[in-house]
């Protein structure tokens, strides 16, 4: 018999089995329901609060992440009249070449070997602690659509990355998750691809998911995320400027999609991964919103990468609260920026 090209290591428990083994208390369910409604009101225009999806590039260390969230909670109390904070707890890290650290899902300990089941338990534990200790329901990247339901009762926001946005399974799954889904523009910068993805996710779908035939009603809260792109020479090119936002507005009008909205990612190709540029970019976007009432309605928030320490480190260097993936803003700069953005938002 010909040898199988895949080695099947073990059968993992289903999301339902995991949720039964690690159930949530009613208080957490109530917090999520309340926050989900507030976020929905922002995307549908019932609330004029401005979203900040903010946190580490990759949530690699539970203690450091919870430390960050406790600090964020104190800032939230100062700005919640105008800003709505959604922490980034990204535990699935896409890799361009498929090689390297792929996030806590794969490696609960970045210096240890891969163990997917330990990873699933670890990310559920961290997200649960986040809600229980700080009242934050968080954002994740949907790197693996079939894994979404391991965390579906804890998340309030999902992003589909630049390398996944063309994938059929991501688009169809996004149509049935019940929370806002941000579709990033692809690394090529082709806005039409992103808009096709939003159209697919906003539409009713029938497809195979985790061995089931499933049907969705479509997700009217699916929207765009502008993250910059890479040109044919490999150079990072931004797409957050006033003209880019106006062109996106035209795309929405042409498509007649529900709840036109964009979140602008201030890092990645918009900053050329120069993390300090996020401060200037964030303020530039706020200026564009003030200058144009239609853009104020379209631009619902920002995505910012920040952690406890400035920059990034290699795995094993052991600096507490410093990113082991893309470089991030440190806490002092983060706190200052949040307060400044709140002031900008309050000015209208």
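Here are the numbers for this structure:
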| read-out | value |
| --- | --- |
| The lone exception for residue 245 - which of (1) at pLDDT 95 or above; (2) surrounded by 16 or more Cβ atoms within 10 Å (Cβ to Cβ); (3) out of contact with any helix residue (DSSP H, G or I) (no Cβ under 9 Å at 6 or more places or on another chain); (4) not in a strand (DSSP E or B) it fails | (3) |
| Any pair with Cβ under 6 angstrom, 6 or more apart, that starts in region 330-348 at a residue that is exposed (fewer than 13 other Cβ atoms within 10 Å of the Cβ) and ends at one that is not in a helix (DSSP H, G or I) | 346/82 |
| Scope region 214-239; condition touching a strand residue (DSSP E or B) at 6+ places or on another chain (Cβ under 7 Å), assigned to a loop (DSSP other than H, G, I, E, B) and farther than 18 Å from residue 160 by Cα; matching residues | 231 |
| Some residue of region 256-265 being over 23 Å from the mean Cα position of the chain (by Cα), modelled with pLDDT under 95 and either buried (at least 18 other Cβ atoms within 10 Å of the Cβ) or not in a strand (DSSP E or B) (or both) | yes |
| Residues of region 95-115 satisfying the condition of being modelled with pLDDT of 95 or more and either in a helix (DSSP H, G or I) or on the phi > 0 side of the Ramachandran plot (or both) | 103 |
| Residues being out of contact with any strand residue (DSSP E or B) (no Cβ under 9 Å at 6 or more places or on another chain) and either surrounded by fewer than 16 Cβ atoms within 10 Å (Cβ to Cβ) or closer than 20 Å to residue 148 by Cβ (or both) - total across region 90-106 | 10 |
| Residue list for region 77-89, filter: assigned to a helix (DSSP H, G or I) and crowded, with 20+ Cβ neighbours inside 10 Å | 79 |
| Filter pass, residue 48 being in a loop (DSSP other than H, G, I, E, B), closer than 30 Å to residue 296 by Cβ and without any contact (Cβ under 8 Å) to a residue 60 or more places away in the chain | yes |
| Any pair with Cβ under 6 angstrom, 6 or more apart, that starts in region 89-108 at a residue that is within 22 Å of residue 72 (Cβ to Cβ) and ends at one that is modelled with pLDDT under 95 and buried (at least 23 other Cβ atoms within 10 Å of the Cβ) | 103/93 |
| Among the residues listed as 158, 165, 177, the single one being farther than 30 Å from residue 318 by Cβ, under 16 Å from the mean Cα position of the chain (by Cα), assigned to a loop (DSSP other than H, G, I, E, B) and free of Cβ contacts under 8 Å to residues at least 40 places away in the same chain | 165 |
| Failed condition for residue 288, given (1) more than 18 Å from residue 162 (Cβ to Cβ); (2) at pLDDT below 95 | (2) |
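Yes or no, residue by residue, for (1) surrounded by 21 or more Cβ atoms within 10 Å (Cβ to Cβ); (2) in contact with a strand residue (DSSP E or B) (Cβ under 9 Å, 6 or more places away or on another chain); (3) in a loop (DSSP other than H, G, I, E, B):
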{"site": "280", "(1), (2), (3)": "no, no, no"}
{"site": "283", "(1), (2), (3)": "no, no, no"}
{"site": "287", "(1), (2), (3)": "no, no, no"}
{"site": "290", "(1), (2), (3)": "no, no, no"}
{"site": "296", "(1), (2), (3)": "no, no, no"}
{"site": "301", "(1), (2), (3)": "yes, yes, no"}
{"site": "304", "(1), (2), (3)": "yes, yes, no"}
{"site": "315", "(1), (2), (3)": "no, no, yes"}
{"site": "318", "(1), (2), (3)": "no, no, yes"}
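The values are calculated or read from the model by the stated rules, or taken from the named source; none is laboratory data. Just so you know, these numbers come straight off a predicted model, no measurement behind them. Reconstructed Cβ throughout: ideal geometry from the backbone, glycine too, with neighbour counts over all protein chains shown.
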